[in-house]
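The values are calculated or read from the model by the stated rules, or taken from the named source; none is laboratory data. Note that the structure is predicted; figures quoted are calculated from it, not measured. Ideal geometry is used to build each Cβ from the backbone, glycine not excepted, and the neighbour counts take in all protein chains shown. Protein only, heavy atoms only, side chains kept; ligands, DNA and RNA dropped before computing areas. Shrake-Rupley method; radii C 1.70, N 1.55, O 1.52, S 1.80 Å.
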Amino acid sequence: MRTLHLQEVEDILYGACIYGTGGGGSLDEGLALVRELYKAGKQVTILTLDEVKDNWLIASPYYVGSVAPPSKEVSKRLENLPIIKENVSTIAARALQEYLGEPIQAVIATELGGNTAWAMETAASLGVPLIDADPAGRAVPDLAHTTFNIFDVSITPFSLANKYGDTVIVETAVNHDRAEQIARSFATISGNFSGVCDHPIKGEKLKNSVISGTLTQAERVGRAMRLANDQGDSPVNSVILAGKGELLIEGIVSDATWVDTGGFIEGSITVRSINNDRKNTSLNIWFRNEYMIAKRGEEIVSIIPELIVILDRKTGIPILNPNCTTEMDVAVVTFPAPKVWESDKGLTIFGPEYIGLDRDTYFKAKKEDS
């Protein structure tokens, strides 16, 4: 177990948001949350997956929602309601504990991204450690996109909470897809933002259901970016080296559009190369909350479950997809998918089929890329 200094926590969040692939929650909000946490005298401790006791109860707190503002109708219904100060993910965790009649003894982040900060806050508020692992190895758009789903770990019972004081316990759900619909519907009527705490699981089963070491890997990438900026080196190159990634293009954003649809942010971004390379003139990226596919003309150069990341070329800081606007100077990087996503079931849950393409597209893109 390791107690983290604030700098280490911030390094983790920068790296987690790089692995957030344009989604996963706001870096700025996550940094603000942990800075307030440390200002209040609290600290985050992490422990390895091997340190988790087999009989511990573990759960995954986070938030679900959209960066788009709520509808006028929803806003009007919410405008006179009292607001609770405690973070929604922590409210959800407390509600799940009460329902189960058993304390949560450690917390695991649901994904990598700004959302990781909410797991940190909940862990510190409950006085329990955060596990150096997660069930995605990246950010994902849907509650079904989790290694828990690959290994048939039930998402239920799970809790939902909003900042107005509503809490809901979902005892059963047909599957992860139905759980996603329930949680997103609750978020929609809560102003496009609600807390979730799900996948209550014992430590023994957890160890075979998640990806180990993802927080320390995020820390390595975030630290590499910070040190490169401090030393005047290329932060993009440092991130690529630390994450074993590949540069797809350096250039200027020439087009960027998005819409809010069904609680998801969907859109596309085009990056025009700044290099004199006729074969690499532009790259088009399509996203649904996270970057899903990158194409050079008709050639697919990266596709889920691989990670596609847009970084500020000068600082290496990751850019959330709705914040990516024209004339930005960026670098687009891809990282390999965690191996568990390359299994048959992994690709069925979160592979090209999710965006309407044949799964062979993934292996074809990998072969062409190599």
Per the rule of 0.36 nm per residue minus the C-alpha distance, extending ARG35 to ARG178 adds in nm 48.0 nm
At the level of C-alpha centres, the distance separating region 19-63 and region 91-169, in angstrom, is 10
Placing each pseudo-label 7 Å from Cα in the direction of the beta carbon, TYR164 and GLU51 end up separated by a distance in nanometres of 4.1
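What does the charge add up to near PRO322, with Lys and Arg as +1, Asp and Glu as -1, over the other residues with Cβ less than 11 Å from its Cβ?
Around PRO322, the surrounding residues sum to -2.
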Once Lys and Arg are counted +1 and Asp and Glu -1 for all other residues with Cβ under 14 Å from that of ALA93, the total becomes -4
Taking only the alpha-carbon positions of the chain as identical scatterers, the Debye log10 I(q)/I(0) at q = 0.09, 0.11, 0.14, 0.15 Å⁻¹ comes out as -0.47, -0.72, -1.18, -1.36
Computed about the Cα centre, the charge dipole of region 46-87 from +1 Lys/Arg and -1 Asp/Glu charges at the Cβ has a magnitude in debye, to the nearest 20, of 400
With DSSP loop assignment and no more than 12 other C-beta atoms within 10 Å, the GluC sites (Glu not before Pro) in region 282-337 are GLU298, GLU327
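When DSSP assigns beta bridges and you keep just the ones with both residues in region 23-181, what percent turn out antiparallel, to the nearest 5? Let's see the in-between values first.
Details: 4 of 9 bridges.
In region 23-181, DSSP labels about 45 percent of beta bridges as antiparallel.
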Largest fluctuation, GLY114, GLY267, GLY23 only, Gaussian network model of the chain with Cα springs under 10 angstrom, belongs to GLY267
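Using a probe radius of 1.4 Å on heavy atoms only, what accessible surface per residue do you get for the chain? Whole Å² is fine.
Values: 15710 Å² over 370 residues.
Counting only protein heavy atoms, the per-residue value for the chain is 42 Å².
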Simple spin-label estimate for LYS76/ASP312, 7 Å along Cα→Cβ, in nm, reads 4.0
Charge tally for neighbours of ALA173 with beta carbon under 13 Å away, counting Lys, Arg as +1 and Asp, Glu as -1, is -2
